[in-house]
Amino acid sequence: MLTLAFYLAFLLIFVVFAVYGERKTAAFIQNRLGPMEVGPKGILQTVADLLKMLQKEDIKASSVDKLPFLIAPIIVFVAVFTGFSLLPLNAELSGSTASGGLFLLLAIISLDVLGILMAGWASNNKYSLFGSMRSVAQIISYEIPIGLSVLSVVIITGTLDLQETSIQQTGRGLLGWNLVQHPVLVIPFLIFIISGLAESNRTPFDLPESESELVGGYHTEYSGFRWGIFMLSEYGMMLLLSILGSILFLGGWNSPFPNMEFLSLSDLTSGTFWGVFWLLSKSLLLVFVQMWVRWTLPRLRVDQLMSLSWKYLTPVSILMLFICGIWKLWLLS
Amino acid sequence: MIQVVQYFFFILILIGVGLILWTKNVIHAVYSLALVLVSLAGIYVLLNAELLAIVQILLYAGGVVILLVFGVMMTSRMKGRTLATKSKNSLVALILSVAIFTSLSFVFSEVSFSERIELHQPNQVEDIGISFLTDHIVAFELIAFILLVALVGAAYLAKISSNE
């Protein structure tokens, strides 16, 4: 329970500052200043935006399908947030102890498709419907490469428990991380990041909400707080996949410094607080990569999106699954 | 406490089933189906069948329901027709469903499920995997083969329709 409460509080704070960080990242990439007015260096800009958003009217157009329209944002958020219950936080706080934790996580976050479809359908609006259609096609297609890349890690670690995966990477600092310990995982890691961008509807895969074509995609008709929940879920998904990525590939809550003979850097930088610190800083680094990609690459076309998933990522991840199996056999022998 | 949660899920399932039966709107029926399937997964969790619950969510709620929603959306809103369900032949349906219910409950009360596998609590996945690849290897391989055939068939059908 403690991990979940921590993640809820962290998620809310994270979203406020991630939006600020995203705008600043965008600004620096585009060689401008970004928000500067509210607070020092504009740091309170999103807080002000949030206050404005909460006061907005909760508009329900007269021809929407009432009940689904109202509960769709909640379904999306619940699906994403349930995923957080399975993540460990440090060596002591291991999250939910489901034996098939990783499997359950992938199953539950795929449910947010249902909420997105519900939103698009209930809005009774062509843009929303097209947005949600694209979103579902995209999320379902990219679930296959993301699942296979996670499976490659599972083959090597031999466990579905995320805490167990973290413990296996303990002790040797950077050298113990799955990505370094098993270099075959580099390609699954790249596939994981690419499909993660698609799963959270981020650029270059933001077709479901592409402003220039679909106004806002599946959340065109939403305003005020309900729109805010959609944003919260999108950033939540980014954070969730980044934490998952850092647990699976980058050592989770383990310190990156190894123990050297008399200089036991690893022991110095491990502990209750340090565990949380390392896990979150690795995840925030991955979140930064996602923002960086967003402002660097243009949006793909629908057919390019599909062919990237089915013709390139899926075959490559199946091949990597096979190679990881061989690697595991070689490790065992 | 577990009993209370269990009854909560039972009530959710009843509500969902009732909505499927009485709603006129197809898309609402599909959402109610999703509610039923997820609540069933909840009951599986309470019965310590974690893996079954996960598979239930992944396949039914995440797969089948979304396929259904997609199908309904493609057919109705894209073409501008609204799909509404009607209830016809309710007498025949009543007789049929009572017959199926009695025969199924008869079967379940008579048959003994003798071939049980003990699942050890922390490693259900491991136990199931081992029994798949030892005791049930033929069934497992056959299912894999059928899935492969379905996949090839689907690819073939998609290819023909794109050539026309």
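The values are calculated or read from the model by the stated rules, or taken from the named source; none is laboratory data. Given the structure is predicted, the values throughout are model-derived calculations rather than measurements. Cβ coordinates were reconstructed from backbone atoms using ideal geometry, including for glycine residues, and neighbour counts include every protein chain displayed.
What the table below lists for this structure:
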read-out	value
Pairs with Cβ under 6 Å, 6+ apart, first in the range A:60-87 and under 14 Å from A:A119 (Cα atoms), second among the aliphatic types (A, V, I, L, M) and surrounded by fewer than 23 Cβ atoms within 10 Å (Cβ to Cβ)	A:P73/A:I229; A:F77/A:I229
Unmet requirement for A:L54, which otherwise passes all of (1) surrounded by 14 or more Cβ atoms within 10 Å (Cβ to Cβ); (2) part of a helix (DSSP H, G or I)	(1)
Some residue of the range B:108-125 being at pLDDT 70 or above, in a helix (DSSP H, G or I) and within 14 Å of chain A (Cβ to nearest Cβ)	yes
Selected residue (criterion: surrounded by the fewest Cβ atoms within 10 Å (Cβ to Cβ)) from residues of the range A:90-103 that are outside any helix (DSSP H, G or I) and more than 7 Å from chain B (Cβ to nearest Cβ)	A:T97
Residues within the range B:66-104 that are within 14 Å of chain A (Cβ to nearest Cβ) and modelled with pLDDT of 85 or more, tallied	0
Selection count, the range A:179-216, where residues are more than 20 Å from A:G83 (Cβ to Cβ) and modelled with pLDDT of 75 or more	11
Any hit, the range B:8-26, residues being part of a helix (DSSP H, G or I), modelled with pLDDT under 85, among the polar types (S, T, N, Q) and over 14 Å from the mean Cα position of the chain (by Cα)	no
Failed item in (1) in contact with a helix residue (DSSP H, G or I) (Cβ under 9 Å, 6 or more places away or on another chain); (2) within 11 Å of chain A (Cβ to nearest Cβ); (3) among the polar types (S, T, N, Q), with B:S39 passing the rest	(2)
Subset of the range A:134-147 [more than 19 Å from A:S242 (Cβ to Cβ) and of a type in the set (A, V, I, L, M, F, W, C)]	A:V136, A:A137, A:I140, A:I144
Filter result for A:E164 (within 13 Å of chain B (Cβ to nearest Cβ) and farther than 19 Å from A:I109 by Cβ)	yes
Only one of A:L117, A:L106, A:L129 that is under 19 Å from the mean Cα position of the chain (by Cα), within 12 Å of another protein chain (Cβ to nearest Cβ), under 19 Å from A:N201 (Cα atoms) and assigned to a helix (DSSP H, G or I)	A:L106
In the range A:132-154, the residues that are more than 26 Å from A:L214 (Cα to Cα), over 18 Å from the mean Cα position of the chain (by Cα) and within 11 Å of chain B (Cβ to nearest Cβ)	A:V154
Candidates A:I318, A:I326 - the one that is of a type in the set (A, V, I, L, M), closer than 16 Å to A:S195 by Cα and assigned to a helix (DSSP H, G or I)	A:I318
Verdict on A:L305 being closer than 15 Å to A:Y142 by Cβ and outside any helix (DSSP H, G or I)	no
